[in-house]
Amino acid sequence: MRYLTIVFFSFLLIQCSIKNKIEDGKSENFKVDTLTYFDQRRERKIPIAVYQPKNSKNLNQIPIIFSHGYGENNGKDYFEAYSYLTEFLASKGYFIVSVQHELKTDELLAMTGKLQETRRPNWERGAQNIFFVLQEMKRKYPNFNYEKLALIGHSNGGDMTVLFAHKYPNLAEKIISMDNRRMELPRVAKPKIYTLRSKDYPADDGVLPNEEEKRKYGITVQFTNINHSNMDNDANTEERKYMNEKILEYLGVSRRNGKNSTLTILSIIKHCKIDIFYDSYLT
């Protein structure tokens, strides 16, 4: 009997290990496809990468549109530069569309002048890309919960995302900026605004709300120990884990189930508290 018990709990440990890999986004519990939209009005191609759970039963019907940071028009950032995050969110049940905002034929991002003005055409184009992609998603996936739409963007992609929130405040529930530095965050209660800040690059004056504005509008400003350029796939393991967990938290998903009260086999499998139960069971 004791031998069978040990075998049984060894099996649970294996299941726990598998579960933890999925929670860390390290398992391939997702799939990705790439395709290209075409905006006829602007005569512009918009490459996208679609990340979603491998098992459609795990899809939570909540869409996310992700916008990459400036990549000097290399044309590959939408599926190469932030995969640690997009794959992780897909493994959690989200449907993520990562948009390629820069084409090789585009003008390079302005580096001189008053950047809020000289970069504005770039951000406007990005906001139009987001809007077009959103309309295509609604046409192709009409059953998604667009009232829960979240937009995420890093750096220049964060500026595009924030501009979109200014222009279309009723189209997204949440905006998550990963260290946008130039476009001021909307001082509004809707959409909900969250921003992760780097330790090395400050935002321009007026971009971030003051303490009174944060309280009034419920805006979350989270300072981190992560460099601006390490918010993409250059992030190390700990940095990736931190950003994944914070963004998942902002999206409103609890990684723990607070209903557990008794040490049943179901709770062991679900919460992986095997070590505690194993010790108490054998003593």
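The values are calculated or read from the model by the stated rules, or taken from the named source; none is laboratory data. From a predicted model like this one, the values you see are computed outputs, not experimental measurements. Reconstructed Cβ throughout: ideal geometry from the backbone, glycine too, with neighbour counts over all protein chains shown.
Would you please list the contacts, defined by Cβ atoms under 7 Å and residues six or more apart or on different chains, that run from a residue in the range 206-232 that is under 13 Å from Ala189 (Cα atoms) to a residue that is of a type in the set (Gly, Ala, Ser)? Short answer, once both residue conditions are applied: Tyr217/Ala189; Gly218/Ala189. Looking for something at pLDDT 95 or above, of a type in the set (Ser, Thr, Tyr) and within 15 Å of Leu251 (Cβ to Cβ) - is there at least one such residue anywhere in the range 38-60? Yes: one or more hits. Which members of the range 76-119 meet the condition of being touching a strand residue (DSSP E or B) at 6+ places or on another chain (Cβ under 8 Å), of a type in the set (A, V, I, L, M) and either assigned to a helix (DSSP H, G or I) or under 14 Å from Asn156 (Cα atoms) (or both)? Residues satisfying the conditions are Leu85, Leu89, Ala90, Val99. With respect to Thr220, is the statement that it is surrounded by 14 or more Cβ atoms within 10 Å (Cβ to Cβ), modelled with pLDDT of 95 or more and either closer than 24 Å to Ser83 by Cα or not hydroxyl-bearing (Ser, Thr, Tyr) (or both) true? It is false that Thr220 is surrounded by 14 or more Cβ atoms within 10 Å (Cβ to Cβ), modelled with pLDDT of 95 or more and either closer than 24 Å to Ser83 by Cα or not hydroxyl-bearing (Ser, Thr, Tyr) (or both). Return the residues of the range 104-136 that are exposed (fewer than 14 other Cβ atoms within 10 Å of the Cβ) and either among the hydrophobic types (A, V, I, L, M, F, W, C) or closer than 27 Å to Asn236 by Cα (or both); say none if nothing qualifies. Once the filter is applied, which keeps residues that are exposed (fewer than 14 other Cβ atoms within 10 Å of the Cβ) and either among the hydrophobic types (A, V, I, L, M, F, W, C) or closer than 27 Å to Asn236 by Cα (or both), the range 104-136 yields Leu108, Met111. Looking only at residues in the range 28-49 that are hydrophobic (A, V, I, L, M, F, W, C) and surrounded by fewer than 19 Cβ atoms within 10 Å (Cβ to Cβ), the one that is farthest from Tyr78 (Cα to Cα) is Phe38.
Residues satisfying the criterion are absent from the range 252-267 (criterion: within 16 Å of the chain's Cα centre (by Cα), aliphatic (A, V, I, L, M) and modelled with pLDDT of 95 or more).
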